[in-house]
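A.B. asks: Quick one: the structure is below, and I'll ask about it shortly.
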Amino acid sequence: MASHKRAPSYSPLISNRTSAADILKAYGVYVLACPFKKMRLSARAGGPPKLRITGIEFPQPGFRPDERVEETGRRLKRYCERFNVPFEYNVIAKKWETIQLEELKINKDEVVVVNCLYRLKNLPDDTLSSSSARDTVLKLIRSINPEFKEALFHFSAQFDIFEANVSREDPQRMMFGREILGRDIMNVVACEGIERVERPKTYKQWQARTLRAGFKPIPLDEVLVKKVKNLVQSNYNRDFILDVDGRWMLQGWKGRALIALSCWKPARN
């Protein structure tokens, strides 16, 4: 008799003892970059403009599928109140490829920026379905007509970065390694089919797909890139790297690119 084993499920890999707030503190993606933006907005001549953010996250299992993204909104609201920046937050907790344009609640006179950092790689690719979720999401972004920034990374050097720069006893390091990196690695290694949600691609592959979706890359600001390079060289571990490949800015560790950043805008028809 044949024995059939079910591939390990992705969602239960998160410890039940770990709260959404703790994961957010460890991840940092949601909250660490935002205070600096709020401070700049609050200092603008004529007063700060209204900042409206739509927080999108995959639904979590259980009775509160939007718990994690709502916690993000509460943190952002506190930052905005601190710097007197008018703030509005819109929550969407569903699969990205099922989101409709009207759910984003975009006003015609708004400046819109789409940030897909670390998230496009989680969408199912063409190997799972004849209809591509990645193409569907890119077409949605194209219909928004935004300035588009996306980044991809692979995490093979993350533990080495921690080892060289953060104490092993640091609670945030342990949290990130267990709940983020450990979960992602387990999914890539042990899960198959629809239960595998970590499907990273190289930035060259994303470039080809994004071009097909109707976008064109925006040239990098050479002055800004030079400033960032000088900042990295003068303030960070010498093994951190920052390089440029065409219209991509690459960040990495010991010669291995971990993050590729680029800016895109809709191409004219």
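Bear in mind that the values in this text are calculations on the coordinates, not laboratory data. No experiment lies behind these values; they were computed from the predicted model shown. Here Cβ is always computed from backbone atoms with ideal geometry, including for glycine, and neighbour counts include all displayed protein chains.
A.B. asks: For a Förster distance of 30 Å, can you work out the FRET efficiency between the beta-carbons of Lys227 and Lys105, rounded to the nearest 0.05?
C.D. replies: Using R0 = 30 Å, I get an efficiency of 0.25.
A.B. asks: A 30 angstrom limit on the alpha carbon distance is what I want to check against. Which of Lys201/Lys227; Lys94/Lys227; Lys77/Lys201; Lys108/Lys229; Lys227/Lys265 exceed it?
C.D. replies: From the list (Lys201/Lys227; Lys94/Lys227; Lys77/Lys201; Lys108/Lys229; Lys227/Lys265), the Cα-Cα distance tops 30 Å for Lys94/Lys227; Lys77/Lys201; Lys108/Lys229.
A.B. asks: Show me the chymotrypsin sites (Phe, Trp or Tyr not before Pro) within the range 51-92 that DSSP assigns to loop and that have at most 13 other Cβ atoms within 10 Å of their Cβ.
C.D. replies: Values: sites: Phe63, Tyr79, Phe83, Phe87, Tyr89; in loops: Phe63, Phe83.
Taking the range 51-92 and a limit of 13 other Cβ atoms within 10 Å, the loop chymotrypsin sites (Phe, Trp or Tyr not before Pro) found are Phe63.
A.B. asks: If you take the square roots of the eigenvalues of the alpha-carbon gyration tensor of the range 190-269 and sort them as a ≥ b ≥ c, do you get rounded (a/c under 1.5), prolate (a/b over b/c) or oblate?
C.D. replies: oblate
A.B. asks: So, one more: Efficiency by 1/(1 + (r/R0)^6): what FRET value for Ala45 and Val166, r their Cβ-Cβ distance, R0 = 41 Å, to the nearest 0.05?
C.D. replies: Once the sixth-power term is evaluated, E becomes 0.55.
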